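Report on the following structure.
Just so it is clear, none of the values below were taken in a lab; they were calculated from the coordinates. Note that this is a predicted model, so its numbers are computed, not measured. As a convention, Cβ positions derive from the backbone with ideal geometry for all residues, glycine included, and neighbour counts pool all protein chains shown.
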């Protein structure tokens with residue numbers, strides 16, 4: 001049996017931009033996506049802690065070290081600049097592998113930067 005499990009999570013980052021007139025996606029600082037083992041174009045689920053919205057989109061690599069978390073296109077309607085979100089990616093695994101797998105959890109600072 002194959003199940004879907006949490007692969008990685010970027011926990012509690014702040015929305016820095018919302019660009020309604022864009023094709024769609026979420027732009028994430030390259031430092032954060034690398035730390036979370038997320039790749040450009042990967043599907044992610046986003047949970048907005050401020051309003052409860054949950055939605056899916058794909059990742060665009062943002063400029064490294066900037067702390068950028070930008071909702072593009074229609075997703076820009078689901079959060080405001082300053083809202084706190086959790087970004088999660090999932091993977092399909094065999095049950096035995098899923099039991100052993102430990103997701104990658106990233107806890108950035110208040111400026112969306114990696115804590116060193």
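So the values come out like this:
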{"quantity": "Residue 30 versus residue 115: modelled label distance in nm, points set 7 Å from Cα along the beta carbon direction", "calculated": "2.5 nm"}
{"quantity": "Label-point separation in nm, residue 101 to residue 86, each point 7 Å along Cα→Cβ", "calculated": "1.7 nm"}
{"quantity": "GNM flexibility winner over the chain from 53, 76, 35 (Cα, springs under 10 Å)", "calculated": "53"}
{"quantity": "For Cα extents along the principal axes in Å, calculated from these coordinates, the label among [x] 44, 42, 21; [y] 42, 27, 24; [z] 42, 32, 24", "calculated": "[z]"}
{"quantity": "Listed residues 83, 96, 29, most fluctuating in the chain (Gaussian network, C-alpha, under 10 Å)", "calculated": "96"}
{"quantity": "Helix-only mean residue ellipticity at 222 nm for the chain, each DSSP H run of n ≥ 4 adding -39500 (n - 2.57), per residue, nearest 500", "calculated": "-2500 deg cm²/dmol"}
{"quantity": "Paramagnetic reach from residue 45 (point 7 Å along Cα→Cβ, amide N under 19 Å) across region 84-108", "calculated": "84-95, 98-107"}
{"quantity": "Gain on full stretching of the segment that runs from residue 3 to residue 17 - 0.36 nm per residue minus C-alpha separation", "calculated": "1.6 nm"}
{"quantity": "Residue with peak Gaussian network fluctuation, the chain [Cα springs, cutoff 10 Å], from 20, 71, 105", "calculated": "20"}
